[in-house]
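The values are calculated or read from the model by the stated rules, or taken from the named source; none is laboratory data. Source: prediction; values computed, not measured. Cβ placement follows ideal geometry from the backbone for every residue including glycine, while neighbour counts extend to all protein chains displayed. Ligands, DNA and RNA are excluded from the accessible area calculation, which covers all protein heavy atoms including side chains. Shrake-Rupley method; radii C 1.70, N 1.55, O 1.52, S 1.80 Å.
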Amino acid sequence: MPLTLRHVWTTALRPADYEAHMAAIGQAEANARHVADFLKRCQPHVGARVLVAGAGTGQMFDSIAPALFEGLRAVFADINPEFLACLRARFPGAVCVADDLERSALRGTFHAACAVLVLEHIDWRKGLDTLAGLAPQWLFLVVQQNPVEMATAVSPTRRLPGSMEVFAEVHPQLRDADEVIGHLALRGYDLIERRPRPVADGKTMLGLLFTRRAE
């Protein structure tokens with residue numbers, strides 16, 4: 001049976017290898033700053049529900065303080081329970097939910113939701129439909145942009161640590177920001193801000209901030 005991205009994220013990838021790679025290329029810190037800026041921008045009120053989809057190991061808490069979520073009803077969701085255990089170690093008391101964004105069991109509405117470097121690894125339209133269905137007033141996404149000469153999401157010149165070598169066999173798919181924006185427009189979300197953050201290897205972590213259109 002061919003290897004799939006779902007298998008990679010649920011079974012094959014070890015947290016320590018993933019974190020070592022993300023720290024080495026600067027994406028962990030850059031995206032943590034993105035999340036911090038998002039929370040400041042949307043200014044959730046005390047008790048607001050905030051979703052972090054694809055929260056992973058909580059590596060962002062090496063760069064930003066868990067206190068940023070203080071007073072919020074934050075939900076940290078990821079497809080891999082082992083990753084979420086790492087998040088809880090960094091943020092004791094965090095509400096963590098094992099969930100698949102393509103076939104989510106999340107219910108209710110959220111004041112704000114974000115997903116960082118998730119769309120590259122899933123059926124992105126299903127993922128966006130899930131997020132839009134939760135009706136957040138604010139929605140923040142980060143997608144990866146590469147130099148024009150680099151077609152693969154993972155830099156071909158990088159030596160990958162341990163289990164990260166699986167990405168030599170199965171490849172995340174870069175997403176076109178304009179297609180993402182267009183799909184969300186059909187679901188009632190308007191883009192209000194693009195925020196690029198440069199990282200190693202000439203790549204950019206592109207933040208896309210949306211608000212829900214008034215009905």
> Which one of these does Arg159 not meet: (1) in a loop (DSSP other than H, G, I, E, B); (2) surrounded by 13 or more Cβ atoms within 10 Å (Cβ to Cβ)?
Replying inline: (2)
>> What's the total number of residues in segment 150-178 that are within 29 Å of Leu209 (Cβ to Cβ) and without any contact (Cβ under 8 Å) to a residue 24 or more places away in the chain?
In response: 6
>> outside any strand (DSSP E or B) and open to solvent by less than 50 Å² (accessible area, probe 1.4 Å): which single residue out of Val180, Val148 fits that description?
In response: Val180
> Looking only at segment 5-26, which residues are within 27 Å of Leu134 (Cα to Cα) and open to solvent by 10 Å² or more (accessible area, probe 1.4 Å)?
Replying inline: Leu5, Arg6, His7, Trp9, Thr10
> Name the residues in segment 196-210 that are out of contact with any helix residue (DSSP H, G or I) (no Cβ under 7 Å at 6 or more places or on another chain), open to solvent by 30 Å² or more (accessible area, probe 1.4 Å) and either within 16 Å of Arg41 (Cβ to Cβ) or of a type in the set (D, E, K, R) (or both), would you?
Replying inline: Pro196, Asp201
> Where in segment 38-132 are the strands (runs of 3 or more DSSP E), entirely inside, with at least 3 residues that are surrounded by 18 or more Cβ atoms within 10 Å (Cβ to Cβ)?
Replying inline: 49-53, 73-78, 112-116
